[in-house]
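For reference, the structure is listed below as C-alpha cells.
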Amino acid sequence: GLADRLQETFKKLRGHGKLTEDDVNEAMREVRMALLEADVNFKVVKDFVKRVKERAIGQDVMEALTPAQLVIKIVNEELTELMGGSQSRINMSPNPPTIIMMVGLQGAGKTTSAGKLGLSLKKQGKRPVLVAADIYRPAAVTQLQVIGKQLDIPVFSMEPGTDAVTIAKSSLNYAFTHANDVVIIDTAGRLHINEELMQELKDIKGQVKPHEILLVVDAMTGQDAVNVAESFNKDLGLDGLVLTKLDGDSRGGAALSVKAVTGCPVKFVGMGEKLEALEPFYPDRMASRILGMGDVLSLIEKAQATFDEAQAKEMEKKFRKDDFTLDDFLAQMQQIKKLGSLENIMSLIPGMGDIKKKLGDREIDLNGKEMRQVEAIIRSMTPKERANTSIINGSRRKRIAAGSGTRVQDVNRLLKQFEEMRKMMKKVKKMQGGRKGFGGFK
Ligand code: GDP
Ligand code: MG
C-alpha cells in the first residue's frame, strides 16, 4: 500500500545528515511511484511532486527537524492541501428546510449514504426527511423505507407512476407541514452517465433548488470515480462528494485526486455498510493516514461518540498518567466492542501496524469465549491485584485460575497481553509527545 511504500522511503531518508537535492529527488521518485501505484491521477502526481520538490529543495533545514522529517512534513502539508486543506461542511440554509440532493451512478451508495447522512444530522438535533425519488426500480423505494424505519427517520414517497420531479417538489410541502428542517432527496442512478439521467437531475435541481448537491462515488473504482465526478460537475454542478466504500479501498487514489481534478471537496466518507459508518472527511487526517502516521484524532473522536464522555476523559487521564489498570482494561474492552472491530481500531493508532505484525494472527475475538474468560479472570482478582499486577505471584495466579475456572497459563497469558498493551500505550504516548515537538505536525 501507499503508506508502507512511503514509510519505506522515509526510513531510507532517516539518518541522513543533510537534505541534498539528490535526497529530495530520490525521495520524490518513490513518492511519485507510490502515488501512481495508488491510482492517483497522472497529472495530479506530476504537479504534486513538483510542488513538494520546489518547497523541499529551497528550504533551510531547521534545527528541530531532521531532513527526513522536513520532507515528510512538506509531503504531509501538500497532501492535505491537495485534498482541500480543511474540512468542508454541508451548506446549511438559514431558512429551513435545507435541501440536499444525492446523485450518482447505480450502486455507488446513494441510498445508503442518504440514510447515513440523515442519521448523522439527526444526531446533531436536526429533523431530516428522506425522499424516495428513485422511481425506476420498485425495490429502491422499499430500500429507503427500510432504512428510514431502522433510523426512525420519515421517508416521503408517492404512488408508483409519479415522476421524480413531482416527488421531489411535493416533498418540500411535506417538510413544511411536518417541520422537517432537512430534506434529503435520493435520486435514481444509471450504470453509466447518460443524457436521460442528467436531464432528470437537472429538472429536479431546477424545481427544488437544492442547497447542496452531493455526488456519491465508489472509492474502489479509483480513477473512474474521478472521471464520473468531473462529468457530473460539468453537467450538473456539484457542491461536494461522498466517497463510499473507503473501507475497501486500500489505495486511496480517488480520495487523493478528486479535489485537485474537479475542484469539488470530499465532504464525507463511507467506511462500511452499517448506517453509522459515515464520517466527515478531514484532509489533514487523511494525509496523515496515507503517510502511515495513524490517525489518533479520528480514533479519539470515534471513541468519544461511543464512550460515555466522562469515562472517556477519565481514560484519557489514566492513559496520560500511565496508571491504567486491569479494571480499566476490562472497561476498555467492553467499550471497544461498541467501536467495531479491533482491527479497525488498531489500524488507526500510529505504530500499531508493526505491533499487529508482531502479534501475528493472534486475533482477539471480542464476543467469544476468550473475552468471557478474560472477564472471569479479572473478576477473580482482588481490587489490589487489579490495580497493581506486579503483586500477582505464583500462588495468587493459582488462586485466580481456580476462582475463574481457567488454567494458570490462561492467567499468565492475560497478564502478558495486558503488559503488552501497557507498553503499546507508552509507545503511542511517546509518539504523540514526539510529534508535538515537530512543530508543523498536527
Ligand atoms: P445506490 O444504487 O447508489 O443507491 O447504492 P446503495 O446505497 O444501494 O449501495 C450499494 C451497495 O453498496 C449496498 O450493498 C451498500 O450496502 C454498499 N455500500 C454503500 N456504502 C458503502 C460503504 O461505505 N462501504 C461498504 N463496504 N459498502 C457500502
Ligand atoms: Mg439507490
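Read-outs throughout are calculated quantities, based only on the coordinates presented, and are distinct from any laboratory measurement. All values reported here derive from a predicted model rather than from experimental measurement. Glycine gets a Cβ as well: all are built from the backbone with ideal geometry, and neighbour counts include every protein chain shown.
Sorting check: for 136-144, 74-82, which peptide has the highest mean count of neighbouring beta carbons within 10 Å, and how do the rest follow? Don't skip to the end; give the middle numbers.
On the way: 136-144: 15.8, 74-82: 20.6.
Most protected by this proxy first, the peptides run 74-82, 136-144.
A simple count of charges around Ile392, restricted to other residues whose Cβ falls under 10 Å of its Cβ and scoring Lys, Arg +1 and Asp, Glu -1, yields +4.
Remark: spin-label model distance Arg190-Asp323 equals 6.7 nm, labels positioned 7 Å along the Cα→Cβ axis. Maximal additional length on extending the Gln87-Glu420 stretch stands at 116.3 nm, based on 0.36 nm per residue less the C-alpha distance. Along the Cα-to-C-beta direction of Phe42, a point sits 7 Å from the Cα; which residues of region 186-226 have their amide N less than 18 Å from that point? Residues 222-226 fall inside that zone.
The slack in the chain from Thr20 to Glu375, taken as 0.36 nm per residue of separation less the alpha-carbon distance, amounts to 122.3 nm. Taking amide H as placed 1.01 Å from N in the peptide plane, Met101 has its amide H under 5 Å from the amide H of Ile185, Glu212, Ile213, Leu214, each at least 5 places away in sequence or on another chain. Sequence-ordered 3J(HN,Hα) estimates for region 49-56 from the Karplus curve with 6.51, -1.76 and 1.60 and θ = phi - 60° stand at 4, 4, 4, 5, 4, 4, 5, 6 Hz, glycine and proline given as x.
Quick one: net charge around Ala140, please, counting Lys, Arg +1 and Asp, Glu -1 for every other residue with C-beta under 12 Å from its C-beta.
Numbers: positive: Lys110, Arg137; negative: Asp134, Asp186.
Result for the local shell: 0.
Working note: Karplus 6.51/-1.76/1.60 with θ = phi - 60° gives region 149-162 the couplings 5, 4, 9, 6, 10, x, 10, 9, 9, 10, 5, x, x, 6 Hz, where Gly and Pro are set to x.
Converting phi to 3J(HN,Hα) with the Karplus coefficients 6.51, -1.76 and 1.60 and the offset θ = phi - 60°, region 111-120 yields 5, 4, 5, 4, x, 4, 5, x, 4, 5 Hz in sequence order, with x at every glycine or proline. The packing ranking of peptides 159-169, 238-248, highest mean first, is 238-248, 159-169, where packing means the average number of other beta carbon atoms within 10 angstrom of each residue.
Could you order the peptides 393-404, 213-224 from most to least packed, using the average number of other C-beta atoms within 10 Å per residue? Display every interim value, and only then the final one.
Working: 393-404: 14.9, 213-224: 22.3.
Sorting 393-404, 213-224 by mean packing, highest first, produces 213-224, 393-404.
Give the order of His211, His178, His192 when sorted by the count of other beta carbons within 10 angstrom, beginning with the fewest.
Working: His211 19, His178 12, His192 9.
Lowest to highest Cβ neighbour count: His192, His178, His211.
If I stretch the segment between Arg51 and Ser390 completely, what's the gain in nm (0.36 nm per residue apart, minus their alpha carbon distance), one decimal? Walk me through the numbers on the way to the answer.
Working: separation 339, 0.36 × 339 = 122.04 nm, distance 5.35 nm.
So the chain would gain 116.7 nm between Arg51 and Ser390.
Shape call for region 141-244 from the C-alpha gyration tensor, a ≥ b ≥ c root eigenvalues: rounded (a/c under 1.5), prolate (a/b greater than b/c) or oblate? In terms of gyration-tensor shape, prolate.
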